[in-house]
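Right, one structure below, let's go through it.
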Amino acid sequence: MPRVKRGTKRSDRRKKILKRASGYFLTKSKLYQAAQEAVERGLKFAYTGRRQKKRQYRALWIVRISAACKLNNFSYSQLINGLKKAGIELDRKILSDIAIQDAPGFTRLVEQAQAALAAEKAAK
């Protein structure tokens with residue numbers, strides 16, 4: 001069996017980890033083992049953060065839509081229900097953008113949702 005010293009493989013792997021850890025505090029940026037733990041932890045937080053970002057944006061859009069609904073004396077849940085009944089398929093991102101940029105347009109959407117809810121109520 002030939003002897004294996006792992007010269008370049010080992011140093012390349014360590015260099016990659018230490019490069020990722022540059023800027024970390026004290027030994028986390030200098031010593032390989034501490035850097036490796038810190039980098040793995042950071043990557044874990046980055047992974048979960050990418051998923052949390054989606055949740056946080058959706059919550060923000062809902063808050064914006066709800067605020068615009070309150071200005072029109074309507075509730076968020078009624079708006080979403082009314083838009084579905086009216087066959088208007090706009091996602092929450094677009095609805096919040098319309099609420100911010102185009103208030104009269106959002107008012108028209110609220111009116112259409114109200115009309116759809118009233119028509120469904122009259123049909124019962």
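Some notes on this structure:
- Simple label model, 7 Å out from Cα along Cβ direction - E111 to R58, nm: 3.2
- Förster-model FRET efficiency, 30 Å R0, T27 and S66, C-beta, rounded to 0.05: 0.05
- Per the Debye formula on identical point scatterers at the alpha carbon atoms of the chain, with no solvent, log10 I(q)/I(0) at q = 0.17 Å⁻¹ is -0.86.
- Pairwise FRET efficiency - N81 versus A34, Cβ, R0 = 41 Å, nearest 0.05: 0.15
Readers should treat all values here as calculations from the given coordinates under stated rules, not as data from a laboratory. Predicted model, so just to flag it, every value in this text is computed and none were measured. Positions of Cβ are generated from backbone atoms using ideal geometry, with glycine treated the same way; all protein chains shown enter the neighbour counts.
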